[in-house]
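In what follows, a structure is listed as structure tokens, so that the remarks can point back to it.
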Amino acid sequence: MAKTKFLFSTDFHGSETVWRKFLNAAKYFDLDALVLSGDMTGKLLIPIVKRPDGKYDASLYGEPYVLTEEELPEFEKKCRMITYIPYRTTAEEVERIAADEQYKEDLFERREGEIVEHWLTLIPDRVPPDCKVIISPGNDDKHSIDDVIRADPNPQVIFGEEEVIDLDDEHEVLCFGWSNPTPFDSPRECCEEELEERLEHTVAKVKNMETAVFCIHVPPYDSFIDQAPMLDKDLSVTVRGGHTHMVPVGSTAVRKIIEKYQPLLGLHGHIHESPGRIKLGRCECLNPGSEYGEGILKGFLVEIDGTKLTQLRRIDA
């Protein structure tokens, strides 16, 4: 029987700090694979505006900066480390960004791809060449980053979305980043019926369910690892009795697929507030949660041997 050891994590949302920790874990834990289940990209653009005198104006956390050309790389790195996307621009373009929503969206999408491309360049110096880096985007990631990941020349980097990837000669990981509908109209979300169809199409590629790992970004519905704050129509958090009102927001299609096929392991994320593990039949389902905003890597160190889960350790670094 084959034995393999990997680290699973998810929901970095543009934090290069967490990404670097994730990569560094490969050597530290002597891993066979790193498995990332989506939501890689950040959500906020930081304009760095060139002035007539050749310096640059920027603002971070409400603090103004005046930067020289030499200081720019370090400031840009600081932005990336805390989830933001830096962008060198002009005062004229800033006005266009504010006035033209489509231009703003196209620019943001291009910069997201460039950040992912930069992240991939960090792999060779940090990850041993025999360790696979399996990446599937999540519901918040735009489709354009798929081509960026596919185009990376490093053979370690494996684009897994809606595919089944070999972890070793015996174990496979099914990768799936779509979610059921959210309040935020994210790029990869759909109704439960379509989600089930997409999942069935991907599951059909699995050769052996007894040793398969399902890496599905959204957790199964009503599974304890899918509890999130209930939102009002204006997206404010609902409070009842002085406490945040939590409700299950996972996918009924995902739960149906897991209960139907009973893989060895289910790897999930999406809901940052609900780290934990729960069994659905024989399948152990995990959600490490996420604290990307604090620069904390949350994940599970997993070792599987044949049909047995021989190690399961929560990582919080």
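Every number here is computed from the coordinates shown, using simple stated rules; none is lab data. Since this is a predicted model, take the numbers as computed values, not measurements. Virtual Cβ from ideal backbone geometry, glycine too; neighbours counted across all protein chains shown.
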Distance between the range 245-317 and the range 40-106 - C-alpha centres, whole angstrom
36 Å
Among Leu60, Leu301, Leu280, the residue with the largest mean-square fluctuation in a Gaussian network model of the chain built from Cα contacts under 10 Å is Leu60
Could you give each residue of the range 172-189 its phi-based ³J(HN,Hα) in whole Hz, using Karplus coefficients 6.51, -1.76, 1.60 with θ = phi - 60°, and x for Gly or Pro?
10, 10, 7, 10, 8, x, 6, 10, 5, x, 10, x, 10, 6, 7, x, 10, 9
Relative to the longest principal axis of the C-alpha atoms of the chain, give the angle of the C-alpha long axis of helix 252-261, reported between 0 and 90° and rounded to the nearest 10°.
40 degrees
Please compute the net charge surrounding Ser186, taking Lys and Arg as +1 and Asp and Glu as -1 over other residues with Cβ under 10 Å from its Cβ.
-3
Compute the relative contact order of the chain as a whole-number percentage, counting only Cα pairs closer than 8 Å that sit 6 or more residues apart in sequence.
20 percent
Within the range 1-118, how many Lys pairs that are eight or more residues apart, or on different chains, come under 25 Å at the alpha-carbon?
20
Given H placed on each backbone N at 1.01 Å, which residues far from Ile46 in sequence or on other chains put an amide H within less than 5 Å of it?
Ile85, Tyr87
Relative to the longest principal axis of the chain, what angle (0 to 90°, nearest 10) does the C-alpha long axis of helix 72-81 take?
30 degrees
Calc'd 3J(HN,Hα), the range 14-24, phi into Karplus 6.51 cos²θ - 1.76 cosθ + 1.60 (θ = phi - 60°), Hz, glycine/Pro = x, comes to x, 7, 5, 4, 5, 4, 5, 4, 4, 5, 5
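With a 10 Å Cβ neighbour count serving as the proxy for reagent exposure, in which order, fewest first, do Val249, Val94, Val206, Val66 appear?
Working: Val249 23, Val94 14, Val206 17, Val66 11.
With the sparsest Cβ surroundings first, the list reads Val66, Val94, Val206, Val249.
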Would you pull out the residues with amide H under 5 Å of Gly14's amide H, same chain only if 5 or more places away, H placed 1.01 Å from N?
Thr41, Gly42
Hey, fewest Cβ within 10 Å first, where do Thr10, Thr211, Thr202 land in order?
Thr202, Thr211, Thr10
At Asp316 and Ala91, where each label point lies 7 Å from the Cα along Cα→Cβ, what is the point-to-point distance in nanometres?
4.9 nm
222 nm mean residue ellipticity, helices alone, for the chain (DSSP H n ≥ 4; -39,500 (n - 2.57); rounded to 500)
-8500 deg cm²/dmol
Most exposed first by the Cβ proxy, i.e. fewest other Cβ within 10 Å, how do Phe22, Phe108 rank?
Phe108, Phe22
Say we join alpha carbon atoms closer than 10 Å with springs in a Gaussian network model of the chain; which of Glu163, Glu69, Glu210 then has the biggest fluctuation?
Glu69
With a 10 Å cut-off between alpha carbons and a GNM built on the chain, which of Tyr61, Tyr84, Tyr28 moves the most?
Tyr61
With θ set to phi - 60° and the Karplus curve 6.51 cos²θ - 1.76 cosθ + 1.60, what are the ³J(HN,Hα) couplings of the range 123-131 in order, to the nearest whole Hz, using x for Gly and Pro?
5, x, 7, 10, 10, x, x, 8, 9
Would you be so kind as to identify which of Gly113, Leu265, Pro248 lies farthest towards the positive end of the dipole of the chain, taking Lys and Arg as +1 and Asp and Glu as -1 on Cβ and the Cα centre as origin?
Leu265
Helix 101-121 against the longest principal axis of the chain: what's the angle in degrees, Cα atoms only, rounded to the nearest 10?
60 degrees
